[in-house]
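Please read the structure below before turning to the comments.
The values are calculated or read from the model by the stated rules, or taken from the named source; none is laboratory data. For clarity, every value in this text was computed on a predicted model and none was experimentally measured. Reconstructed Cβ throughout: ideal geometry from the backbone, glycine too, with neighbour counts over all protein chains shown.
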Amino acid sequence: MQIVADLHLHSKYSRAVSPSMTLPVMAKFAKQKGINLLTTGDFTHPLWLREIKDALKEEGEGVFALKKEDIETRFILSVEVSSIYSQGGKVRRIHSLLFAPSIEAAEKINQELVKRGCNIHSDGRPIVGLTPQNLVEIILSVDKDCFLIPCHVWTPWFSLYGSMSGFDSIDECFGNYASEIFAIETGLSSDPSMNWRIKELDGRSIVSFSDAHSSMKMGREATVFVPKDGISNDKFLISNLKYDDIRLALMQDPKAKLKVGYTIEFYPEEGKYHFTGHRNCGVSQSPQETKEKGTTCPVCKKPLTVGVMHRVEELAGKEEDFAVKPNATGLKWITDKAKLHPPFIRLVPLNEIIAEVIKSPVSSPKVARIFDDLIQRFGSEMTVLLKADDLGIEKESGSEISDAIMKVRRGEIFIKPGFDGEYGIVKISNTDEKKEINGSRDAKSQLGLDF
């Protein structure tokens, strides 16, 4: 079977997170969405860790399930940590995902952080004065099976490669511990093909998760693990899953039973740091425009926030080189021509598609009713978006919604890229909206829509 995993989430104890982000609610929505492996997130927060211990039981080694509800969803333990410190004459702000193989290991990590003066009570995503190197050293001293994934690695202000406070390489950031970094998370403003251009990622796993702050945002990005060639699917019922199955798959260890089969991606243009710009002045620039005009705002003369696409161009060691292969349902698979990395697909969340078609807010009861009807009919959001045939969708919810889902599968959408903290705008609709959003053929080509 496939393990659809979303391993970057936040609990109700993190800032700006829905109070409904509790373990039972997360498990319920995961089932609707077609996700069978989640992370608990936020294990450093004492109150959340208490809820984890009260609500979950260990089913496989390092893999947990709800005690009181018969839902197949499984959890592993993780936390996002924000490191803010000075290095090389510059303030660095780097976010990392820490994974632990047991509650005991998580508790020991918390103890080590407290010993070093970290406040783990204030936020589910703690801010620490420790470097990422310090974090790797701590977690490996607690348990050799712990690991760290740099998260949303291109976000300008809070990431490994970030233009405003990051580094130019994993070696520069992690020093002697660089070899322990075997995976990176793309983030919403980049996709795998952009990361394929970075030479130091050739031997590392490139994964994607949602960084969800509410249940409906879960699964907007996900990583799908599949049995390695020659290994029977029968051995991989979710009930048999172990923490080490995921760790070894990410390490691409020869002993691994699983591998990353593909990732499910947000359209990166919809991410809020895709282009360079200055939100307050309404200035947005593509990499080519930034190359020509520079990184000073033409309106206020202050520095622009350098976007992900431009930053990728700065660090890329090779040109973009991918192929696009539609399958029988019209879904476009983007593949690495060099065959160094698994393929990926791009999707728009189902509730956003429905909302645009019926011209109703995403959170409206009308959207929820149609969403629930489709889930009831097909089993999960992933099935609707990836596999369901157009006639079946049309029979359940009408031709307009069916047509819109097929357009998303084919990549026939129109996007105004996000910049400087402002999300991009996605449209699936008519010609007038296409003109309004794209403006020109150059813009369309820049968005990667001219396959």
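Out of the range 353-391, which residues are of a type in the set (D, E, K, R) and within 26 Å of the chain's Cα centre (by Cα)?
Across the range 353-391, the qualifying residues are GLU356, ASP372, GLU381, LYS387.
For residues that are in a loop (DSSP other than H, G, I, E, B) and within 15 Å of MET194 (Cβ to Cβ), tally how many sit in the range 300-312.
2
Pairs under 7 Å by beta carbon, first residue within 8 Å of ASP420 (Cα to Cα) and not assigned by TED's automatic domain parsing to the domain that holds GLY34 in the range 257-278, partner of a type in the set (Asp, Glu) and not in a loop (DSSP other than H, G, I, E, B), six or more apart or different chains?
Between residues of the range 257-278 that are within 8 Å of ASP420 (Cα to Cα) and not assigned by TED's automatic domain parsing to the domain that holds GLY34 and residues that are of a type in the set (Asp, Glu) and not in a loop (DSSP other than H, G, I, E, B), the close pairs are LYS272/GLU422.
Which residues, counting only those in the range 290-312, are surrounded by fewer than 12 Cβ atoms within 10 Å (Cβ to Cβ) and within 28 Å of the chain's Cα centre (by Cα)?
none
A quick yes/no check of all residues on (1) surrounded by fewer than 18 Cβ atoms within 10 Å (Cβ to Cβ); (2) of a type in the set (Lys, Arg); (3) in contact with a helix residue (DSSP H, G or I) (Cβ under 8 Å, 6 or more places away or on another chain):
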| position | (1), (2), (3) |
| --- | --- |
| ALA65 | no, no, no |
| LYS68 | yes, yes, yes |
| GLN87 | yes, no, no |
| PRO101 | no, no, yes |
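Can you pull out every residue in the range 120-155 that is farther than 22 Å from ARG204 by Cα and among the hydroxyl-bearing types (Ser, Thr, Tyr)?
SER122, SER141
One residue is enough: does the range 15-37 have a residue meeting the conditions out of contact with any Lys or Arg (no Cβ under 6 Å at 6 or more places or on another chain), in contact (Cβ under 8 Å) with a residue 40 or more places away in the chain, assigned to a loop (DSSP other than H, G, I, E, B) and of a type in the set (Phe, Trp, Tyr)?
No, the range 15-37 contains no residue that is out of contact with any Lys or Arg (no Cβ under 6 Å at 6 or more places or on another chain), in contact (Cβ under 8 Å) with a residue 40 or more places away in the chain, assigned to a loop (DSSP other than H, G, I, E, B) and of a type in the set (Phe, Trp, Tyr).
Can you find, within the range 245-269, the residue that is surrounded by the fewest Cβ atoms within 10 Å (Cβ to Cβ) among those that are in a helix (DSSP H, G or I) and touching an Asp or Glu at 6+ places or on another chain (Cβ under 7 Å)?
Residue satisfying both the conditions and the ranking: ARG247.
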